[in-house]
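Participant: Mind having a look at this structure? Questions to follow.
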Amino acid sequence: MGYKVMELVCIIGAGFAGSVVARELAEAGRRVHVIDKRPHIAGNAYDEYDAHGVLIHNYGPHIFHTNSERIFEYLSRFTAWRPYEHRVRAVLDGKTYPFPINRDTLNQLYGLNLDEAGAAVFLERVREPRDPVLTSEDVVLNSVGRDLYEKFFLNYTRKQWGLEPSQLKAGVAARIPVRTNTDDRYFTDTFQAMPKDGYTKMFEAMLDHPNICVELGVDFEDVRDSLRPAHLVYTGPIDAYFRYCYGRLPYRSLRFEHAHLPGVQRFQEVGTVNYPNDFGYTRITEFKHMTGQQHSGTSIVREYPQAEGDPYYPIPRAENEALFQRYEALAAREKNVTFVGRLAQYKYYNMDQVVGAALAAAKQIIG
């Protein structure tokens, strides 16, 4: 395996963080060995054609959006793009409404005819002012009041996180805007697009460099004692790296239920439909909306949040942050090891934020 080559940089994880660092270091002349315990590259962004020939995201929908021209241009070296603006609906009592909440949501839900100013007045009237705003419950009540909170957010949060909104830091709910206009896009970032040939193809291009060697199906824990790289880049869960010496950091996992519907052109009107109050799943995503693929059938995925399984989301709570900081202090003392990515930094990063963190990490390693 050649793990003992001294000038080698070993990267644990072939997702966004690991792959971006690998490419940057390879271009700077370093020899890079990437390992991943899964049988594929691209981490949770991995996509492939299912048995029916539909391009699907195996680990749930990944929608690329960023305000950073630098990051968009960086990734553009490895893929062409398909413009795509994600839209979401939420189902309440069998009816679908635009989500995030906008003026149309209010008018449809309450049988009103508000203009933009009227929507602002309505929200000001129903909101429950909170000061200070500390939790996700505070954020939503402060913004839209009790009824909209209970209809759209309360039960969805309980399903998604296994916690009450009052137990989560404000940043979770702050990710979701509320609008007084009729903009029904989920994101309003300057750059919104999907890799034209899929994420996996983009990662293949990123890792295609003579200085990069990729080895899949290798668990870091099984080989760590034989690794002797000049530098190690770790993108897995930080608590796992330190063998849970302070206990486990809480992560939320997901179970994905994929289905193909033969002969169905369109299953739903938009890419993702949320089910805040019904069923065990939080949402259904239909992939053809995102990829633009033409196919006689369609493929969907239902997402069931759960406590056990692969770590997907760091759970943003003050006590978890405090535990992470203890691990972070250990990480700071590690020689020639860089921790980067959602799991290694215990941050609820978007994809573009991971790319930004990886570019910064690579720059630091290169010196």
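Derivation of every value follows stated rules applied to the coordinates shown; laboratory data play no part. What you see is a predicted model, and the numbers here were worked out from it, not measured in a lab. Using ideal geometry, Cβ is built from the backbone for each residue, glycine included, and neighbour counts are taken over all protein chains shown.
Participant: With the dipole of the chain worked out from charges on the C-beta (+1 for Lys and Arg, -1 for Asp and Glu) around the Cα centre, which of Val172, Phe152, Ala14 lies farthest toward the positive end?
Facilitator: Ala14
Participant: Please give the peptides 304-310, 352-358 ranked by average Cβ packing (other Cβ atoms within 10 Å per residue), highest first, as a rough proxy for protection.
Facilitator: Highest to lowest by the protection proxy: 352-358, 304-310.
Participant: Please determine, in degrees from 0 to 90 and to the nearest 10, the orientation of helix 16-27 with respect to the longest principal axis defined by the Cα atoms of the chain, where the helix direction is its Cα long axis.
Facilitator: 40
Participant: Let me ask you something else. Percent relative contact order of the chain, based on C-alpha pairs within less than 8 angstrom and at least six residues apart?
Facilitator: Once divided by the residue count of the chain, the mean separation gives 27 percent.
Participant: Given axes a ≥ b ≥ c from the Cα gyration tensor, I'd like to know whether segment 213-338 is rounded (a/c under 1.5), prolate (a/b larger than b/c) or oblate. Can you show the working numbers first?
Facilitator: Working: a/c = 3.26, a/b = 1.86, b/c = 1.75.
Verdict is prolate for segment 213-338.
Participant: Out of residues 5 or more away from Arg87 or on other chains, whose amide H comes under 5 Å of its own, with H placed 1.01 Å from N in the peptide plane?
Facilitator: Those qualifying (amide H under 5 Å, at least 5 residues apart or on another chain) are Tyr186, Gly271, Thr272.
Participant: Grab the Cα-Cα distance for Ser296 and Arg158, subtract it from 0.36 nm times how many residues apart they are, and report the gain in nm with one decimal. Could the numbers behind the result be given before it?
Facilitator: Values: separation 138, 0.36 × 138 = 49.68 nm, distance 3.65 nm.
The Ser296-Arg158 span can extend by a further 46.0 nm.
Participant: Cross-link candidates for Lys37: which aspartates and glutamates have Cα within less than 14 Å, leaving aside residues fewer than 8 places away along the same chain?
Facilitator: Once the sequence-local aspartates and glutamates are set aside, what remains near Lys37 is Glu215, Asp219, Glu221, Asp222, Asp310.
Participant: Which lysines, if any, have their Cα less than 19 Å from the Cα of Lys95, not counting same-chain residues under 8 positions apart?
Facilitator: Once the sequence-local lysines are set aside, what remains near Lys95 is Lys151.
Participant: Quick one: if you stick a label point 7 Å off each Cα along the C-beta vector at Glu128 and Tyr304, how many nm between them?
Facilitator: With each label point 7 Å from Cα toward Cβ, the separation is 3.2 nm.
Participant: Same structure, new question: Once you put a point 7 Å from the Cα of Asn67 and another 7 Å from the Cα of His40, both along the Cβ direction, what distance in nm separates them?
Facilitator: 3.3
Participant: Could you name the aspartates and glutamates whose alpha carbon sits less than 13 Å from that of Lys201, not counting residues in the same chain fewer than 8 places away?
Facilitator: The reachable aspartates and glutamates, counting only those whose Cα sits under 13 Å from Lys201, are Asp47, Glu48.
Participant: Rounded, prolate or oblate, given the Cα gyration tensor of segment 88-174, with a/c below 1.5 counting as rounded? Before the final figure, lay out the partial values.
Facilitator: Details: a/c = 2.50, a/b = 1.31, b/c = 1.91.
Oblate, because a/c is 1.5 or more while a/b does not exceed b/c.
Participant: Here is a follow-up. Compute the FRET efficiency between Arg175 and Ala318 as 1/(1 + (r/R0)^6), taking r as their Cβ-Cβ distance and R0 = 22 Å, and round to the nearest 0.05.
Facilitator: 0.80
Participant: Each residue of segment 74-87 in turn: what ³J(HN,Hα) in whole Hz from Karplus with 6.51, -1.76, 1.60 and θ = phi - 60°, glycine and Pro shown as x?
Facilitator: Those phi angles translate into 4, 5, 5, 5, 10, 7, 8, 10, 10, x, 7, 10, 6, 10 Hz.
Participant: Determine the dipole magnitude for segment 88-174: charges of +1 sit on the beta-carbon of Lys and Arg, -1 on that of Asp and Glu, nothing else is charged, the reference point is the Cα centre, and the result goes in debye to the nearest 20.
Facilitator: 280
Participant: Can you tell me the dipole magnitude for the chain around its Cα centre, using point charges on the Cβ only (Lys, Arg +1; Asp, Glu -1), in Debye to the nearest 20?
Facilitator: 420
Participant: If R₀ is 25 angstrom, what is the calculated FRET efficiency for the pair Ser166 and Tyr244, using the beta carbon separation as r and rounding to 0.05?
Facilitator: Efficiency, rounded to the nearest 0.05: 0.35.
Participant: By how many nm would the segment from Val264 to Asp183 lengthen if fully extended, with 0.36 nm per residue of separation less the alpha-carbon distance?
Facilitator: Working: separation 81, 0.36 × 81 = 29.16 nm, distance 2.83 nm.
Length gained, Val264 through Asp183: 26.3 nm.
Participant: I'd like the Karplus ³J(HN,Hα) series for segment 254-270: coefficients 6.51, -1.76, 1.60, θ = phi - 60°, whole numbers in Hz, and an x wherever there's a Gly or Pro.
Facilitator: Calculated HN-Hα couplings, in order: 9, 10, 10, 10, 8, 8, 10, 10, x, x, 9, 6, 9, 8, 9, 6, 9 Hz.
Participant: Is any residue of segment 268-292 close enough, with backbone N under 17 Å, to a label point placed 7 angstrom from the Cα of Gln108 along the Cα-Cβ axis, and if so, which?
Facilitator: The answer is 268-278, 283-286, whose backbone nitrogens lie closer than 17 Å to the label point.
Participant: Can you classify segment 117-250 as rounded, prolate or oblate using the Cα gyration tensor, where a ≥ b ≥ c are the square roots of its eigenvalues, rounded means a/c under 1.5, and otherwise it's prolate if a/b beats b/c and oblate if not?
Facilitator: Because a/c hits 1.5 or more and a/b fails to exceed b/c, segment 117-250 counts as oblate.
Participant: Per DSSP H run of at least 4 residues, take -39500 (n - 2.57); add these up for the chain, divide by its residues and hand me the 222 nm value, nearest 500 deg cm²/dmol.
Facilitator: Values: 13 runs with 117 residues, N = 367.
So the helix-based figure for the chain works out to -9000 deg cm²/dmol.
Participant: Quick check: residue separation of Asp278 and Glu328 times 0.36 nm, minus the Cα distance between them. What number comes out in nm?
Facilitator: 14.1 nm
Participant: Next question. Collect residues whose amide H, placed 1.01 Å from N in the peptide plane, falls under 5 Å from the amide H of Glu48; neighbours closer than 5 in sequence don't count.
Facilitator: Ile56, Asn58
Participant: Find how many whole Å separate the alpha carbon centroid of segment 122-138 from the alpha carbon centroid of segment 192-243.
Facilitator: Segment 192-243 and segment 122-138 have Cα centres spaced 42 Å from each other.
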